[in-house]
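Here the structure is laid out as structure tokens; the discussion comes afterwards.
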Amino acid sequence: MAETDLNFNQKPYVDGAKTFYGGVVRDYSGKVEDVTSPILTVEKGQRVVIGKLAQMNTADVAEVDILCYLVCGLSCYNYINFF
């Protein structure tokens, strides 16, 4: 695909540098990788970038787990005390 092609600027782009937990979408400030399509540019012979994806590590996942457990625990506590 040529970068001057009209469809080049209409290619999809997915911003996967996000996290979603607790019902909230947040920007991810850690390591991200480009997502590419199998289509190559004519000019450079490189794959076309169509987005980026967060590369979460175990510390990121642990943080999400802690928040989820906290929210779940508070929800259960409030539910039990409601009755």
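Here, each number is a calculation from the coordinates, and none is a lab measurement. The model shown is predicted, which means the values in this text are computed figures rather than measured ones. Every residue, glycine as well, gets a Cβ built from its backbone with ideal geometry; the counts of neighbours run over all protein chains shown.
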Read phi for every residue in segment 45-61 and hand back ³J(HN,Hα) as whole Hz from Karplus 6.51 cos²θ - 1.76 cosθ + 1.60, θ = phi - 60°, with x for Gly and Pro. x, 9, 5, 7, 6, 10, x, 9, 9, 5, 10, 5, 10, 5, 5, 4, 5
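Net charge near Lys31: determine it from the other residues with C-beta under 13 Å of the C-beta of Lys31, scoring Lys and Arg +1 and Asp and Glu -1. Don't skip to the end; give the middle numbers.
Values: positive: Lys52; negative: Glu33, Asp34, Asp60.
My count for the surroundings of Lys31 gives -2.
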Among all the aspartates and glutamates, which ones have a C-alpha under 17 Å from Lys31's C-alpha, if same-chain residues fewer than 8 places away are not counted? Asp15, Asp60, Glu63
Here, Arg47 and Arg26, labelled 7 Å along Cα→Cβ, have an inter-label distance in nm of 3.0 nm
